[in-house]
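The values are calculated or read from the model by the stated rules, or taken from the named source; none is laboratory data. Since the structure is predicted, the reported quantities are computational estimates derived from the model, not experimental observations. Heads up, the Cβs are rebuilt from the backbone with ideal geometry, glycines too, and the neighbour counts pull from every protein chain shown. When the accessible area is computed, the model is the full protein with side chains, heavy atoms only, and any ligands, DNA or RNA have been set aside. Shrake-Rupley method; radii C 1.70, N 1.55, O 1.52, S 1.80 Å.
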Amino acid sequence: DLVTMVKDFASVANGVSLANQMEFAINKLNAMAKELGFHYIGVAQLNRTVESDKIIDIEDIDKLRPTRSAIKNSGALLERTRYCISLFRKKFYADTYLPDNPETQEMDDIIEVGLMKQNNGVTARKYARFDGDTFSITPVIEQQSDNTGAA
């Protein structure tokens, strides 16, 4: 949740909303990046309420897929963000919540990379096989289906 800490270097008056504090701070960060010629990547966590859903079967895990509204302080962050990328591993949640389920043992460890926002273009999802032993991913050639119709 590092990107939400940028408000700490913003000097603003009391009574300013969190969204405005973050906007001022990110504007400063953008100005520094432009002046000094660098790009930056911010990391934000999801709201904890996402993980409060009951997971009873494999299909319930899809409730945990990141959405724009599930990003902590999403309104303040997404207003200034040029790209928003999410990662989702269904197998991770299956192992965590349903370790004794036979479907969990047979599940491929696929990582879903979602482009949730970009300033100029469409959003989409791409898929890769995750290897935890080597911490590597291999793109999946075949099309994966999802609820949005994107691939």
Any chymotrypsin sites (Phe, Trp or Tyr not before Pro) in the range 38-115 that lie in a DSSP loop and have at most 13 other Cβ atoms within 10 Å would be Phe38, Tyr40
Note, the range 92-105: 3J(HN,Hα) by Karplus (6.51, -1.76, 1.60, θ = phi - 60°), whole Hz, Gly/Pro = x, goes 4, 5, 4, 5, 6, 9, 10, x, 9, 6, x, 5, 5, 5
For Lys126, counting only lysines whose alpha-carbon sits under 24 Å away and dropping same-chain residues fewer than eight positions off, the answer is Lys63, Lys72, Lys90, Lys91, Lys117
Over the range 19-86, with neighbouring protein chains present, the accessible area per residue in Å² at probe 1.4 Å is 66
Everything considered on the Cα gyration tensor (a ≥ b ≥ c; rounded for a/c under 1.5, else prolate if a/b is larger than b/c, else oblate), the range 66-113 must be described as prolate
Whole-percent carbon and sulfur contribution to the accessible surface of the range 62-106 (1.4 Å, no ligands, DNA or RNA) stands at 48
The simple spin-label model distance between Ile85 and Arg48, using points 7 Å out along Cα→Cβ, in nm, is 2.9
The ³J(HN,Hα) series, computed from each phi in the range 111-119 with the Karplus coefficients 6.51, -1.76 and 1.60 at θ = phi - 60°, rounded to the nearest Hz and given as x for glycine or proline, is 9, 9, 9, x, 8, 8, 7, 8, 5
